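K.L.:
Before anything else, here's the structure in question.
The values are calculated or read from the model by the stated rules, or taken from the named source; none is laboratory data. Please read all numbers here as calculations on a predicted model, not as lab measurements. Heads up, the Cβs are rebuilt from the backbone with ideal geometry, glycines too, and the neighbour counts pull from every protein chain shown.
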Amino acid sequence: MKKALFDPKSFLAKVGTGRTIAEYRKNQQIFAQGDPADSLFYVQKGKVKRTVVSRHGKEAILAVIGPGDFFGEGCLAGQQRRMSTAVALTDCSIARVEKTAAIKVIRDQPRFSELLVSHLLSRNIRIEEDLVDLLFNSSEKRLARILLLLANFGKSGKPEQVIPKISQETLAEMVGTTRARVSFFMNKFRKLGFVTYDGGLEVHSSLLNVILHDEPLTIRQK
């Protein structure tokens with residue numbers, strides 16, 4: 001009988017040696033900054049927020065990640081302690097692979113390695129885009145981009161029309177502006193037909209024009 005090809009996503013969807021799957025409630029902590037870095041995580045369902053706190057107590061949001069994303073991979077490169085805190089932004093289902101099991105499957109299964117490398121390259125591109133966005137774009141355009149990313153525009157699969165409820169305080173931290181400005185821009189986007197509120201926040205593809213075609217927005221505030 002012909003041996004079935006290894007499917008990394010099926011591997012991550014099952015409990016086995018060195019790997020578990022856990023359900024996290026909204027706002028539940030997955031790991032904390034300073035915890036031992038001893039495992040790799042993979043998001044099956046939901047969204048996860050990663051934050052870091054400085055020695056002076058200032059908190060910053062590093063990323064919001066969703067289904068199909070890895071996090072905690074620093075342990076594979078010798079990281080001893082977690083450099084950030086991971087919290088469930090929505091109800092989540094997350095696979096945890098112990099470091100030794102992760103290293104073994106990376107060595108033994110090229111398809112798993114390809115999946116992980118693809119994620120790392122995509123994340124590196126995202127970090128560069130975030131830096132360019134922060135340096136050159138106004139806060140309203142940064143907010144537009146974040147809303148599109150939360151709705152999965154630009155990723156494989158169908159965009160999520162209605163994104164999980166996320167506070168304006170969190171959006172302000174991600175954009176690098178104040179809650180008042182986020183509220184102002186969100187009302188503006190709603191009036192322009194870019195977003196709607198109907199039991200959730202719905203992001204329309206027309207918002208892409210602001211980013212892709214650099215369409216002018218009436219109000220310019222930084």
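K.L.:
Leu131 is checked against (1) more than 20 Å from Lys49 (Cβ to Cβ); (2) without any contact (Cβ under 8 Å) to a residue 40 or more places away in the chain and fails just one. What number does that condition carry?
P.N.:
(1)
K.L.:
Only one of Phe31, Phe71, Phe11, Phe41 is modelled with pLDDT of 90 or more, of a type in the set (Phe, Trp, Tyr) and more than 19 Å from His119 (Cα to Cα); which?
P.N.:
After applying the criteria, what remains is Phe31.
Listed here are the residues, each with its yes/no results for (1) in the same structural domain as Ala77 (by TED's automatic domain parsing); (2) within 27 Å of Asn27 (Cα to Cα).
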site: Asp108; (1), (2): yes, no
site: Glu114; (1), (2): yes, no
site: Leu120; (1), (2): yes, yes
site: Asn124; (1), (2): yes, yes
site: Gln168; (1), (2): no, yes
site: Asn187; (1), (2): no, yes
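K.L.:
A further question follows. Show me the helices (runs of 4 or more DSSP H) found entirely inside the range 89-200 where at least 2 residues are over 24 Å from Glu73 (Cβ atoms).
P.N.:
Filter on the range 89-200 gives 110-136, 139-150, 168-175, 179-191.
K.L.:
Are there any pairs, at least 6 apart or on different chains, whose C-beta atoms fall under 6 Å, with the first in the range 24-48 and on the phi > 0 side of the Ramachandran plot and in contact (Cβ under 8 Å) with a residue 24 or more places away in the chain and the second outside any loop (DSSP other than H, G, I, E, B) and surrounded by fewer than 16 Cβ atoms within 10 Å (Cβ to Cβ), and if so, which?
P.N.:
Going by the 6 Å Cβ cut-off, the qualifying pairs are Gly34/Arg81.
K.L.:
May I pose another question? Among the candidates Thr100, Thr85, Thr90, single out the residue that is of a type outside the set (Gly, Ala, Ser), surrounded by 17 or more Cβ atoms within 10 Å (Cβ to Cβ) and at pLDDT 95 or above.
P.N.:
Thr85
K.L.:
Still on this model: Can you tell me which residue in the range 134-172 is surrounded by the fewest Cβ atoms within 10 Å (Cβ to Cβ), limited to those that are of a type in the set (D, E, K, R) and modelled with pLDDT of 85 or more?
P.N.:
Looking at the filtered set, the residue picked out is Glu169.
K.L.:
Restricting attention to the range 104-153, report how many residues are acidic (Asp, Glu) and under 13 Å from the mean Cα position of the chain (by Cα).
P.N.:
1
K.L.:
Then there's this: Counting only residues that are in contact (Cβ under 8 Å) with a residue 40 or more places away in the chain and surrounded by 18 or more Cβ atoms within 10 Å (Cβ to Cβ), which one in the range 69-82 is nearest to the chain's Cα centre (by Cα)?
P.N.:
Restricting to residues being in contact (Cβ under 8 Å) with a residue 40 or more places away in the chain and surrounded by 18 or more Cβ atoms within 10 Å (Cβ to Cβ), the top hit is Phe70.
K.L.:
Could you please find all residues in the range 20-35 being surrounded by 14 or more Cβ atoms within 10 Å (Cβ to Cβ), more than 18 Å from the chain's Cα centre (by Cα) and under 14 Å from Gly72 (Cα atoms)?
P.N.:
Answer for the range 20-35, where residues must be surrounded by 14 or more Cβ atoms within 10 Å (Cβ to Cβ), more than 18 Å from the chain's Cα centre (by Cα) and under 14 Å from Gly72 (Cα atoms): just Asp35.
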